[in-house]
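To start, the structure under review is shown below, and the notes come after it.
The values are calculated or read from the model by the stated rules, or taken from the named source; none is laboratory data. No experiment lies behind these values; they were computed from the predicted model shown. Here the Cβ is made from the backbone with ideal geometry for all residues, glycine too, and neighbour counts use every protein chain on show. Quick note on the areas: whole protein, heavy atoms, side chains included, nothing else; ligands and nucleic acids left out. Shrake-Rupley method; radii C 1.70, N 1.55, O 1.52, S 1.80 Å.
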2 protein chains.
Amino acid sequence: MSPVSKVYGATYSTCTQRVLFLLEELGIPYELVSISMKEGEHKTPTFVDQQHPFGRLPAFEDATTKVFESRAICYYLAAKYGGPLRPPCEDVKLSRFQQAASVEYSYFDPPITQLAYQKLFKRQMGQGEPDEQLVHECERRIQECLDYYEQLLGEDEYLAGKKFTLVDIFHAPWIAFLSRLEMESDISSRKNLNAWWDRVRNRPAWMAVTNMA
Amino acid sequence: MSPVSKVYGATYSTCTQRVLFLLEELGIPYELVSISMKEGEHKTPTFVDQQHPFGRLPAFEDATTKVFESRAICYYLAAKYGGPLRPPCEDVKLSRFQQAASVEYSYFDPPITQLAYQKLFKRQMGQGEPDEQLVHECERRIQECLDYYEQLLGEDEYLAGKKFTLVDIFHAPWIAFLSRLEMESDISSRKNLNAWWDRVRNRPAWMAVTNMA
């Protein structure tokens, strides 16, 4: 395996951005191996066999380890190099962290991924017009989740508590993407959420990622 | 908060079963507070305010802590009482575990939840007939995931490696549910997957859960 950290991904992929954000936070040198989704490079037999059995982005390797799935790659890097970004091991802190992580993958990510598909990618891929009923339902579910975050961020500065964690990193790419879904005002209109997003997006690591995309 | 462990849930809820399976594994005494989904008790303002901000099952409390989200509750209990079931903290083991956990919530859970809705719950809730195109797509995605597991379980006995972990527990309720979706043969026809499922379903803890449902 490669002696340097290699990310197989694309700068426009939100899941790749998650991993790049963390690598920039940790100041780990890495090589980004560009995989073109437009040309279907993530679905080639070699990539599926060697890097990601489900043919998705990103995948990761370094001198000792191969990992696929953006959040799993982040857990690996944070455990290895993370200092204060290491995921907690103690029962109560772990449950608070995993509760926030579960809200992200259960309530935040699914409707926003579906909405991006319906409003942008579906047409781009020649798969027809958006399903308006589904668009409406996704928007409703995103609002519900953002309302929860607004309340939560009235008590704590970050989504898993008082400190910046992987959970904030997991959210950043899709929060940034809301502007492309004409939902930017759903952040700016929520005071606590907007303040949180200002704290996150002004981190030099995130600015480095957005400069790449 | 309650001195004993309380699970707010329903024995027929797959997410509740996940938590009950772990409690039975750990031999922790608990009280199951039945919340009727049929009567909408999980959506009442009191339940949403006190137990689960998204109005889902299960939620959990003990003498010190409240947690919602089935997997987060399991992380809490395993970190507190888990012995060999404690989630790993070391980088490589953590990444292997989280990679398997991410496959579960990204590729296994979404299509099976949608399929159960389309084939069973949609009619029960008076929301119309199944969307056949979506049914077909969910079945295809489940097959893809089970094919991956079949390959994985040729190398290791359990989904996150050589030992039984929370990831196996997270899968059990929906694997058992496949028979209700007329997909039981998709387990029995895969040798390694079937052997894994025999190991899991014959655990006394899982048998105790199925006796409750």
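The residue that is farthest from the chain's Cα centre (by Cα), counting only those in the stretch B:27-46 that are of a type outside the set (S, T, N, Q) and open to solvent by less than 40 Å² (accessible area, probe 1.4 Å), is B:Gly40.
Here the stretch B:175-192 is the region considered, the condition is being small (Gly, Ala, Ser) and within 16 Å of the chain's Cα centre (by Cα), and the residue that is farthest from B:Leu152 (Cα to Cα) is B:Ser179. Of the residues in the stretch A:108-118, how many are open to solvent by less than 20 Å² (accessible area, probe 1.4 Å) and within 7 Å of chain B (Cβ to nearest Cβ)? Of the residues in the stretch A:108-118, 0 are open to solvent by less than 20 Å² (accessible area, probe 1.4 Å) and within 7 Å of chain B (Cβ to nearest Cβ).
Is it the case, given these coordinates, that B:Ser13 is polar (S, T, N, Q), in contact with a Pro (Cβ under 9 Å, 6 or more places away or on another chain), within 23 Å of B:Phe177 (Cα to Cα) and surrounded by fewer than 21 Cβ atoms within 10 Å (Cβ to Cβ)? In short, yes.
Residues that are more than 22 Å from B:Met37 (Cβ to Cβ) and open to solvent by 70 Å² or more (accessible area, probe 1.4 Å) number at least 1 in the following helices (runs of 4 or more DSSP H) confined to the stretch B:119-204: B:132-152, B:185-188, B:191-201. Here A:Pro53 clears all of (1) open to solvent by less than 20 Å² (accessible area, probe 1.4 Å); (2) modelled with pLDDT of 95 or more; (3) over 18 Å from the mean Cα position of the chain (by Cα) except the condition numbered (1).
Total residues in the stretch A:58-86 satisfying the condition of being more than 10 Å from chain B (Cβ to nearest Cβ) and surrounded by fewer than 24 Cβ atoms within 10 Å (Cβ to Cβ): the figure is 6.
Scanning the stretch A:104-117 turns up no residue that is modelled with pLDDT of 95 or more and over 30 Å from B:Leu134 (Cα atoms).
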